[in-house]
1. Treating cross-link reach as a plain straight distance, find the aspartates and glutamates whose alpha-carbon is under 14 Å from the alpha-carbon of residue 58, omitting any fewer than eight places away in the same chain.
2. Which Cα, out of 60, 22, 82, lies furthest along the positive dipole direction of the chain (beta carbon charges, K/R +1, D/E -1)?
3. For residue 102, what is the net charge nearby, where nearby means another residue's Cβ is under 15 Å from its Cβ and Lys, Arg count +1, Asp, Glu -1?
4. Among 17, 67, 88, which one moves the most in a GNM of the chain with springs linking Cα atoms closer than 10 Å?
5. Under 23 Å from the Cα of residue 87, which lysines turn up, not counting those fewer than eight places away in the same chain?
6. How do 35, 77 rank when sorted from fewest to most other Cβ atoms within 10 Å of their own Cβ?
7. Might you report the magnitude of the Cβ-based charge dipole of segment 10-87 about its Cα centre, with Lys and Arg at +1 and Asp and Glu at -1, to the nearest 20 debye?
Amino acid sequence: MYAVIATGGKQYRVEKGGVLRVELLKAEAGATVEFDQVLLIADGEKITVGKPMLNGSKVTATVESHGKGDKVTIVKFRRRKHYLRMKGHRQNYTQVRINEISGV
């Protein structure tokens, strides 16, 4: 059984017991969070698709940790013009473990 959820402007395919890194959530480590924007639930051959969301469906997860992703370096360079700009960015994330998928 798996589901497709939307959080942080992205869509994720999740399964029970799976670990997932999503955009930073305002929840402490060990807290339980619910994702109510469920787009699809598949249980074997039975697939339920929302238009666009499934009403009454939710995915519960436990927050494991917070952290920062790998550094991404942005370089702007023009040759022979004495122009070089370097910037770095590390995106914050929340790591969650999927506990339950409850569907329609």
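1. Reachable aspartates and glutamates: 15, 34, 36, 100.
2. Checked the options; the winner is 82.
3. Surrounding charge for residue 102 is -2.
4. Taking springs between Cα atoms under 10 Å, the residue moving most is 88.
5. Result set, ordered by chain and number: 68, 71, 76.
6. Working: 35 22, 77 9.
Least crowded to most crowded, the residues run 77, 35.
7. So the magnitude is around 1280 debye.
Every read-out reported here was derived from the displayed coordinates using simple, explicitly stated rules and does not represent laboratory data. Since the structure is predicted, the reported quantities are computational estimates derived from the model, not experimental observations. In this analysis, Cβ positions are derived from the backbone assuming ideal geometry, glycine residues included, and neighbour counts consider all displayed protein chains.
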